[in-house]
Amino acid sequence: MVNNLRTTMKKYLFIFTVIALTACKNDEPTSKYRQFTKDDLSHLYYNKDTLTYKGISIIYRDTVIYQLNNTDTIHVKIETQINSYYSSPINFENIEDIFGSSVIHFEKETGFEFGDIRLYRTVNSWNAEKFFQVRANGTNVFSGHYYPKDTVNLDTAKVLGKIYQNVYKFYPPVEDKTDIRLIYFAKKYGYIKIEKLDGTKIELIDKGK
């Protein structure tokens, strides 16, 4: 009886010691963060190819230069935000997922309202979930969506004499009432061409920094 009690006490003492040593081992935060891959970042308007996210929200602003209707040059501001969040209330890994968005707001006179790209990385083994959105003045929003396991066939596109690689091409159906004929989005460059059904279009001159 006494031996059993001593054995039990030794077990509890051992467990307590292990817990205490583990807790005092270092001062690292209990939460970790998923990280965007280099390919993920190529979809955002951001001035770096790599990023180690450490839990502090990132805001990056820049200006993109487009040609409007083959004549006018317009400077359009963009804003990129990168944050972490818990995508599920149950998170046994205690890992915060990462979210990034880049938004372009056009002047009303251009005929366009905005274009944006949103990325959600909730797993490490697949691609980030991607949302592409564009809206012309007074019409429905076009939304292109790719899930993490989707296979995407990218293409090339020639815009203002320049050949772009790794281009997403969208052709919204007329019944969607977006008033958009086509949208081209290239990795590392963002929206390189958007054209409406009436022929109004913007084409990339310079993507900024």
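Model label points for residue 165 and residue 57, set 7 angstrom from Cα along the Cα-to-Cβ axis, are 3.6 nm apart. Put a dot 7 Å past the Cα of residue 182, heading toward its Cβ, do the same for residue 95, and the two dots end up 4.0 nm apart. All other residues whose Cβ lies under 10 angstrom from that of residue 178 are scored, Lys and Arg at +1 and Asp and Glu at -1, for a net of +1.
Can you give the extra length, in nm with one decimal, that the chain gains between residue 39 and residue 206 once fully stretched, where that is 0.36 nm per residue apart less the Cα-Cα distance? Before the final figure, lay out each step's value.
Details: separation 167, 0.36 × 167 = 60.12 nm, distance 2.06 nm.
Contour length minus Cα-Cα distance gives 58.1 nm.
How large is the Rg to Rh ratio of segment 32-206 when both quantities use alpha carbon positions and Rh follows Kirkwood? Ratio of gyration radius to Kirkwood radius for segment 32-206: 0.98. Could you tally the net charge around residue 202, taking each other residue with its Cβ under 9 Å from the Cβ of residue 202, Lys/Arg +1 and Asp/Glu -1? Once all neighbours under 9 Å are counted, the net charge is 0. Each Lys or Arg adds one and each Asp or Glu takes one away; over the other residues whose Cβ falls under 10 Å from the Cβ of residue 63, this sums to +2.
Values in this text are rule-based calculations from the coordinates and carry no lab data. Everything numeric in this text was worked out from a predicted model, so none of it was measured. In this analysis, Cβ positions are derived from the backbone assuming ideal geometry, glycine residues included, and neighbour counts consider all displayed protein chains.
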